[in-house]
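First the structure, in the form of structure tokens, and then the observations on it.
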Amino acid sequence: MKTIIKYYRKYALAIISSLLFLTGEAICELQLPGYMSNLVTYGIGAADMGQIWHYGWQMIVIALIACVCAVMVGFFSSQIAAKVSRDLRNDIFKQVMNFANEEYNKFSVSSLITRSTNDITQIQNLTILFLRLIMFAPIMGIGGAIKAVQYSSGISSLAYVIVAAIAIVILLIIIALTVVQPKFIKMQKQIDNVNQIANDELSGMLVIRAFNTQSHEEKRFDNANKDLTSTSLFTSRMMAILMPIMTIVMNGVMLAIVWLVAYKVEDISQVANMMAFMQYALQVIMSFMMISMIFIILPRAIVSIKRVSEVLSMNISIKNAEGKEEPTGVRFKGDVRFENVSYGYGGGVNAVENITFEAKSGQVTALIGSTGSGKSTIVNLIPRLMDATQGKVTIDGVDVRDINLKDLRNNIGFVPQKNTLFSGTVASNIGYGLDEPTDEALDKSARIAQASEFINSSPDGMQREIAQGGSNVSGGQKQRLAIARALSKNSPIYVFDDSFSALDFKTDAKLRMALSEEMSDATVIIVAQRVGTIKNADSIVVLDDGKIVGIGKHEDLLKNCPTYLDIAKSQLSEEELGL
Ligand code: ADP
Ligand code: MG
């Protein structure tokens with residue numbers, strides 16, 4: 001709750017203005033029935049044209065002021081609501097951008113999307129309603145009640161009519177709340193669910209087609225959709241029933257008032273008083289209905305507020321150390337060291353354990369091991385995509401946790417195992433990490449990444465369109481673009497997580513050749529599946545089930561690391577092995 005209230009503080013001035021106008025509107029509204037009563041009594045009753053004009057003009061002016069106030073309130077409240085939602089959306093986005101794996105895993109992507117769209121809309125609606133009604137309803141309710149007494153001409157049974165009407169309204173609201181309330185809470189979860197399934201199915205379209213599971217998926221979506229539909233139908237129906245019942249109550253009140261007063265009318269002033277009383281009575285009942293409106297939408301909005309604050313108040317686990325908030329623009333030499341590093345994804349099991357090795361600048365260090373042996377986990381610790389649970393990772397002897405995140409990541413050209421290209425052009429993707437990409441820089445990194453050939457084969461060259469997620473280039477082309485993107489940063493450390501697996505052997509070899517020529521003084525860390533890719537590395541780290549089982553050069557490992565020998569034997573012929 002606190003996290004959200006903070007967002008309104010910025011607009012305190014607008015909120016106060018809005019409340020002032022609202023008070024003005026309410027006061028004007030409260031005057032009108034009284035003037036009308038005077039108009040009828042002294043003007044129409046006395047057949048005095050002068051009085052009719054006198055009161056008539058006053059009523060017109062008051063009505064106009066009320067109208068202007070109402071417009072101003074609408075103006076301020078919608079502005080405040082829209083701006084608060086904008087700020088919330090911005091901050092959610094910023095917050096999620098800084099999420100580490102750990103935080104990210106707590107929310108599904110679809111839930112994050114619902115939270116930053118639908119949930120914020122709920123908050124926006126509540127804000128508008130709240131600003132519109134918060135002052136208005138009490139002033140109208142209390143003021144209307146006082147005025148009503150003045151015009152009741154001593155008929156005490158009139159008061160009972162109002163009390164009875166209010167009791168009915170409150171009863172209706174309580175019924176509505178107990179029935180509808182739980183459904184509203186359910187609804188946000190169901191929206192999450194529909195989004196989740198739609199997201200799954202749209203991104204997995206090819207698999208669904210290939211496995212012929214369309215009907216299964218349709219059913220899955222249909223079920224989630226039906227759940228959501230039935231909940232929202234139920235809530236809207238309840239709300240729809242409520243409205244006519246409220247109208248009946250209001251009309252019943254008017255009828256009862258006319259009926260009670262009718263027997264006692266002796267002159268026109270009593271008719272005028274009755275009309276004024278009727279309007280004040282309606283104002284009182286209306287104010288109760290308005291307050292009840294807040295109660296109807298408040299619960300749903302509270303759910304949304306909770307969901308939004310959950311994201312905003314999430315503690316970000318990976319952040320700058322104290323005193324390192326500002327990037328200094330350092331450039332490291334690039335010696336990366338792992339000292340006794342362990343990391344677990346939670347659940348008490350370590351994915352990698354006791355990892356100690358060094359990747360020196362000017363050398364190629366390779367990580368090899370079967371899938372699931374922890375290679376990606378290890379390299380992800382270098383740019384702090386997550387933090388080691390034990391031990392430390394250092395660059396040039398400095399713990400990565402003591403380096404400003406921006407500086408750290410600026411020093412690392414990282415090609416993740418799961419590549420993502422962004423919609424745009426080839427150039428915008430390769431120059432992604434640069435502030436001002438130059439043509440030479442782009443061409444050079446494309447050339448080293450062996451991407452020039454296919455880039456130039458397209459008539460658009462560097463300006464060729466890339467679709468969302470890079471879906472319009474092949475796996476190998478995507479990998480090469482991702483490599484070029486990392487290379488364009490010209491950093492002292494390069495990490496390639498399984499980045500050569502989709503390349504054919506020839507390109508793989510050419511790329512490594514170009515790398516060692518052009519990046520001879522950089523620290524290169526290569527995660528690979530193929531022994532051929534890393535055979536010439538200066539140092540090879542062999543992993544098995546999260547532990548290091550051998551470090552050394554290819555020839556040494558063949559002799560004294562059985563795991564490495566197994567991997568090598570399964571891929572190379574006896575001659576290639578040189579055994
Ligand atoms: P590799 O890259 O060598 O194939 P990973 O480092 O990706 O292996 O995975 C090492 C282990 O950690 C595996 O057992 C895997 O199941 C587990 N793991 C990887 N990522 C996650 C994650 N986000 N959450 C939980 N466990 C994970
Ligand atoms: Mg991996």
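The values are calculated or read from the model by the stated rules, or taken from the named source; none is laboratory data. In this text, all values refer to a predicted model and were calculated from it rather than measured experimentally. Quick reminder, even Gly has a Cβ in these numbers, built from the backbone with ideal geometry, and neighbours come from all protein chains shown. These area figures cover heavy atoms from the full protein model, side chains too; ligands, DNA and RNA do not enter into them. Shrake-Rupley method; radii C 1.70, N 1.55, O 1.52, S 1.80 Å.
Enumerate by residue number the chymotrypsin sites (Phe, Trp or Tyr not before Pro) in segment 172-234 meeting two conditions: DSSP loop (anything except H, G, I, E, B), and at most 12 other Cβ atoms within 10 Å of the site's Cβ.
Working: sites: 184, 211, 221, 234; in loops: 211.
Within segment 172-234, the qualifying chymotrypsin sites (Phe, Trp or Tyr not before Pro) (loop, at most 12 other Cβ atoms within 10 Å) are 211.
Would you work out the Kirkwood radius for the chain? I mean one over the mean of 1/r across all pairs of different Cα atoms, in Å. Could the numbers behind the result be given before it?
Details: mean 1/r = 0.0333 Å⁻¹.
In the chain this quantity evaluates to 30.0 Å.
Is there a quick way to get the dipole size of the chain? I mean about its Cα centre, with the Cβ of Lys and Arg at +1 and of Asp and Glu at -1; what is the value in debye to the nearest 20?
1340
Non-local amide H neighbours of residue 499 (under 5 Å, H modeled in plane, Pro and chain starts lacking H): which ones?
Here the answer is 527, since their amide H atoms fall under 5 Å of that of residue 499.
Compute the convex hull volume of the Cα atoms of segment 81-124, divide it by the residue count, and report the result per residue in Å³ as a whole number.
Convex hull of Cα atoms, per residue: 53 Å³.
I need the GluC sites (Glu not before Pro) found in segment 254-342, filtered to DSSP loop residues with at most 13 other beta carbons within 10 Å of theirs.
Here the GluC sites (Glu not before Pro) that fit, given the DSSP loop and packing criteria, are 266, 322, 325.
Taking all pairs of different Cα atoms in segment 71-182, averaging 1/r and flipping that mean, what Kirkwood radius in angstroms comes out? Mind dumping the intermediate values first?
On the way: mean 1/r = 0.0550 Å⁻¹.
Result for segment 71-182 stands at 18.2 Å.
I'd like to compare 124-134, 64-74, 438-448: which one has the highest average count of other Cβ atoms within 10 Å, and what's the full order after that?
On the way: 124-134: 19.7, 64-74: 16.2, 438-448: 17.7.
Put in order of decreasing packing, that is 124-134, 438-448, 64-74.
Extent of segment 268-414 along each principal axis, from alpha carbon coordinates, in Å, largest to smallest?
Taking the Cα atoms of segment 268-414, the three principal extents are 104, 37, 22 Å.
Using a 10 Å cut-off on Cβ atoms, rank the peptides 145-153, 21-29, 195-203 from the highest mean neighbour count down. Intermediate results must be reported in sequence, preceding the final value.
Details: 145-153: 17.7, 21-29: 20.0, 195-203: 15.2.
Output ranking for 145-153, 21-29, 195-203: 21-29, 145-153, 195-203.
So, with a 1.4 angstrom probe, what is the percent of accessible area on the chain that is carbon and sulfur? The partial results should precede the final answer.
Details: 17490 of 29330 Å².
The C+S portion of the solvent-accessible surface of the chain is 60 percent.
How about segment 387-441: which chymotrypsin sites (Phe, Trp or Tyr not before Pro) there are in a DSSP loop, with at most 16 other Cβ atoms within 10 Å of their Cβ?
On the way: sites: 414, 422, 432; in loops: 422, 432.
Qualifying residues, ordered by number: 422.
Given the Cα atoms of segment 319-378, and with Rh set as the inverse mean 1/r over their pairs in the Kirkwood sense, what is Rg to Rh to two decimals? Before the final figure, lay out each step's value.
Working: Rg = 15.0 Å, Rh = 14.2 Å.
Taking Rg over the Kirkwood Rh, I get 1.05.
Distance in nm between label sites at residue 254 and residue 370, each 7 Å beyond Cα in the beta-carbon direction?
Inter-label distance under the simple model: 8.2 nm.
Over the chain, with the other protein chains present, what is the accessible area per residue in square angstrom, probe 1.4 angstrom? Numbers along the way, then the final one.
Details: 29330 Å² over 579 residues.
Value for the chain: 51 Å² per residue.
Report the number of Lys pairs in segment 81-214 whose alpha-carbons are under 25 Å apart, with separation of 8 or more residues or on distinct chains. Spell out each step's value before the answer.
Numbers: 83/94; 94/106; 94/189; 106/183; 106/186; 106/189.
Going through segment 81-214 pair by pair, I get 6.
Using θ = phi - 60° and the Karplus curve 6.51 cos²θ - 1.76 cosθ + 1.60, what whole-Hz ³J(HN,Hα) does each residue of segment 271-287 get, with Gly and Pro shown as x?
Working through the residues one at a time gives 4, 4, 4, 4, 4, 5, 4, 4, 5, 5, 4, 5, 4, 5, 5, 4, 5 Hz.
Please compute the Kirkwood hydrodynamic radius of segment 117-250 from all pairs of different C-alpha atoms, in Å with one decimal. Walk me through the numbers before you get to the answer.
Working: mean 1/r = 0.0524 Å⁻¹.
By the Kirkwood definition, the hydrodynamic radius is 19.1 Å.
Would you calculate, for the chain, the mean residue ellipticity at 222 nm contributed by helices, counting each DSSP H stretch of 4 or more residues as -39,500 (n - 2.57) and dividing by all residues, to the nearest 500? Please report the intermediate quantities before stating the final value.
On the way: 22 runs with 359 residues, N = 579.
Computed mean residue ellipticity for the chain: -20500 deg cm²/dmol.
Expressed as an acute angle from 0 to 90° and rounded to the nearest 10, what is the orientation of the C-alpha long axis of helix 214-262 relative to the principal long axis of the chain?
The angle comes out at about 20 degrees.
Order 476-484, 345-353, 560-568 from most to least packed using the mean count of other Cβ atoms within 10 Å. Please list the in-between numbers first.
Numbers: 476-484: 24.2, 345-353: 14.0, 560-568: 17.0.
Output ranking for 476-484, 345-353, 560-568: 476-484, 560-568, 345-353.
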